[in-house]
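The values are calculated or read from the model by the stated rules, or taken from the named source; none is laboratory data. Remember, it's a predicted structure, so these values are computed and weren't measured experimentally. Here the Cβ positions follow ideal geometry from the backbone for every residue, glycine too, while neighbour counts run over all protein chains shown. Heavy atoms of the whole protein, side chains included, go into the accessibility calculation; ligands, DNA and RNA do not. Shrake-Rupley method; radii C 1.70, N 1.55, O 1.52, S 1.80 Å.
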Amino acid sequence: MKYKNIFITGSSSGIGLATALKFNIEGYRLILCARKIEKLTPLIKKIKVPYHILIFDVSKKDEVFKSVKSLPKEFSKIDILINNAGNAHGLEKSNECEIDDWDNMVDSNLKGLLYVTKSIVESMVSNRAGHIINVGSIAAKEAYPKGNVYCATKAAVDKFTEGLRIDLNEYNIKVGAIHPGLVNTNFSTVRFKGDKKRADLVYNGLTPLLGKDIADIIFFMVECPCHVNISDITVLPTAQANTYVLNKQKN
Ligand code: 8X3
C-alpha cells in the first residue's frame with residue numbers, strides 16, 4: 001500500500017500543508033505543488049520521504065500541463081491526486097463586490113482544479129488505477145449571505161466530482177470530495193485580504209476544525225480498501241450546524 005505517489009496542490013499552507021505532513025509521516029512519496037518555492041521551505045525541512053516540487057499557478061493552463069509533464073520518471077505515476085488549491089476572495093454582496101475577486105475564484109477554485117485534473121487523469125486511465133479527492137466546502141452544499149461566487153465555485157466542484165466519478169467508473173479510479181466547514185487556516189485572512197482581526201472574528205467563540213483534522217480524514221479516505229470509495233463527506237466543527245448556525249460562546 002505504501003510508497004505511492006501523492007500529488008497535492010496548494011501544499012504550502014492550510015489543509016494542503018497538513019495533508020502533506022500527514023502523508024509524509026505515513027511514508028508516501030510527495031509531489032508538492034505551490035505558486036512560490038519560498039512558501040514551501042518550512043514544509044520541506046520536515047519532509048522525510050522522497051519528494052518532488054512543482055511550482056506553478058493552477059489557474060495558468062500552460063503552466064499546469066508543462067509542470068505535470070516535467071515530472072521525473074519515479075514521480076510520473078500519480079496514484080493519488082488531492083485537488084486542494086483555491087481560496088475565497090472577499091465576502092461582499094453580489095452588487096457590491098469586486099469583479100476581480102470573482103475572476104480569481106473561478107480561475108483557481110474551478111478552472112484550476114479542472115486543469116490539474118485533466119493533466120493527470122489520462123495517465124490514471126492508462127494505469128486503470130488512481131484516486132482523486134477534491135477539497136470542496138460546506139459552501140458547495142448551501143449558499144450563504146455574501147458567499148455568492150465562492151459558493152458557486154465549490155458547488156461546481158461538487159457537481160464535477162460527481163460527473164468525473166461517473167466518467168471514470170469503468171477505469172477503476174476512485175473519485176470523491178471532502179467538504180469542510182470552518183477550518184482555522186489562513187482561509188479567512190486571505191478572504192479578508194490580510195485583515196487578521198476580521199479573520200479571527202470568524203473563529204472567535206467556537207472551536208474550529210484544524211487543517212490536521214481534514215488531513216486525517218483525507219488519509220482515512222485514501223487508505224480505505226480497494227472496494228471502498230468515500231464519495232462525499234461533509235465535516236463540520238461540533239459548534240457549527242450549517243454555514244450560519246453556530247454555537248458561539250460569549251467571551
Ligand atoms: C470554507 C467554509 O463556511 O467559510 O470553505 O465557506 S466557509
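Worth pointing out:
- For first residues located in segment 1-21 and within 14 Å of residue 79 (Cα to Cα) and among the aliphatic types (A, V, I, L, M), partners that are assigned to a helix (DSSP H, G or I) and open to solvent by 20 Å² or more (accessible area, probe 1.4 Å) and lie 6+ apart or on another chain with Cβ distances below 8 Å form the pairs 1/223.
- Matching residues, segment 210-230, being open to solvent by less than 20 Å² (accessible area, probe 1.4 Å) and not in a loop (DSSP other than H, G, I, E, B): 211, 214, 215, 218, 221, 222
Conditions tested, residue by residue: (1) over 22 Å from residue 28 (Cβ atoms); (2) under 18 Å from the mean Cα position of the chain (by Cα); (3) within 12 Å of the ligand (Cβ to nearest atom).
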| site | (1), (2), (3) |
| --- | --- |
| 156 | yes, yes, no |
| 181 | yes, yes, yes |
| 208 | yes, yes, yes |
| 226 | no, no, no |
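- Within segment 186-241, the set of residues being touching a helix residue (DSSP H, G or I) at 6+ places or on another chain (Cβ under 7 Å) and of a type in the set (S, T, N, Q) comprises 186, 188, 189, 231, 234.
- Residue 172 satisfies every condition listed in (1) touching a Leu at 6+ places or on another chain (Cβ under 8 Å); (2) surrounded by fewer than 18 Cβ atoms within 10 Å (Cβ to Cβ); (3) among the polar types (S, T, N, Q) except (1).
- Top-ranked residue in segment 70-115 [being surrounded by fewer than 19 Cβ atoms within 10 Å (Cβ to Cβ) and among the hydroxyl-bearing types (Ser, Thr, Tyr); ranked as farthest from residue 230 (Cα to Cα)]: 94
- Pair list, Cβ < 7 Å and 6+ apart or interchain, from segment 49-60 residues that are open to solvent by 50 Å² or more (accessible area, probe 1.4 Å) to residues that are part of a strand (DSSP E or B): 50/29; 51/29; 51/30; 51/32; 55/34
- Residue among 77, 4, 66, 93 that is charged (D, E, K, R), out of contact with any Gly (no Cβ under 6 Å at 6 or more places or on another chain) and within 16 Å of the ligand (Cβ to nearest atom): 93
- Failed criterion for residue 115 (all others in (1) within 14 Å of the ligand (Cβ to nearest atom); (2) in contact with a Lys or Arg (Cβ under 7 Å, 6 or more places away or on another chain); (3) assigned to a helix (DSSP H, G or I) hold): (1)
- The listed residues are 192, 187, and the only one of them that is over 25 Å from residue 225 (Cα atoms), surrounded by 21 or more Cβ atoms within 10 Å (Cβ to Cβ) and within 12 Å of the ligand (Cβ to nearest atom) turns out to be 187.
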